[in-house]
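The next block holds one structure in the form of structure tokens; read it before the comments.
We did not get these values from a lab; they are worked out from the coordinates using the rules stated. Values in this document were obtained by computation on a predicted structure and should not be read as measured data.
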Amino acid sequence: MIGILIVGLLILAFQLFTSVKEQSQIENDTLSYLENEGYEETDIEELYIVEILEVDENEEVSHTGKYEAVVHFKDEPNIAYFYRYEEDTNEIVQRDRLDEGTN
């Protein structure tokens, strides 16, 4: 019984480590992409990572294991820009833009 518990904890720890590593990687790759586009780190108000979820035809949400970066720039604090890896590549692309208004 204790052996099963230890194995379960090791699997959970590995998944958590992998998730944190993937989130750190997309954050670094997004910063590099933005720098290549002419932005400086000081232009960024906020950058955070979110998991990409999928909703099926039954409106059930599932985890994809993929992440994207959400960026707010200082000159456009109410607009969220979404960056993720292009499908089946390690290339960062801007996938969406959302005007969050002035609430």
Gained length - Ser24 relative to Ile52, 0.36 nm times residue gap less alpha-carbon distance
8.6 nm
Please give the contour-minus-distance gain from Val70 to Thr42: 0.36 nm per residue of separation, less the Cα-Cα distance, rounded to one decimal in nm.
8.5 nm
In whole Hz, the Karplus estimates of ³J(HN,Hα) for the range 88-101 (6.51, -1.76, 1.60; θ = phi - 60°; x where Gly or Pro) are 6, 9, 10, 8, 7, 9, 7, 9, 6, 9, 10, 7, 8, x
